[in-house]
Amino acid sequence: MQIPKLANPIQAATLAMATFLATGTAASAQVQAGDTVGTSVSGIALALETGGYDIREIEVKRSRIEVEAILDGSKFEIKIDPQSGKVTAVERD
C-alpha cells in the first residue's frame, strides 16, 4: 500500500485524523522507492508518522536524508533524495 501523494502537511494531518476517527487506529502503510515524502525534516516526519511509522532518527546528509523508523514492529532505514523528496531506498533492518 502506498502513502497517498498529499499536497501539504495540513492535508496529510487531516487524512490521518479522519482515518483515526473512522477506524479507531492509525493507518499503516509501508513506503516504497519512488514515493514522495517531502524535503523538510518536519514534512518527512509527518508523512511517515501519518503512514504509521514511529520515527527514531532523521539524519540529513548532503546527498540524501536517512530515516530510521519502526513500522508494525519492524525496523526500517528509508533513504530520501533531498532535492525531490522521493524515497530512493527502503531497507528492513
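Each value in this text was obtained by applying a stated rule to the coordinates, not by laboratory testing. Predicted model, so just to flag it, every value in this text is computed and none were measured.
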Apply the Karplus curve 6.51 cos²θ - 1.76 cosθ + 1.60, θ = phi - 60°, to the phi angles in region 39-56 and return the couplings in whole Hz, x for Gly and Pro. 10, 9, 4, 5, x, 5, 4, 4, 4, 6, 5, 4, x, x, 6, 9, 6, 9
Report relative contact order for region 36-93 in percent, whole number only (criteria: Cα-Cα under 8 Å, sequence separation at least 6). 29
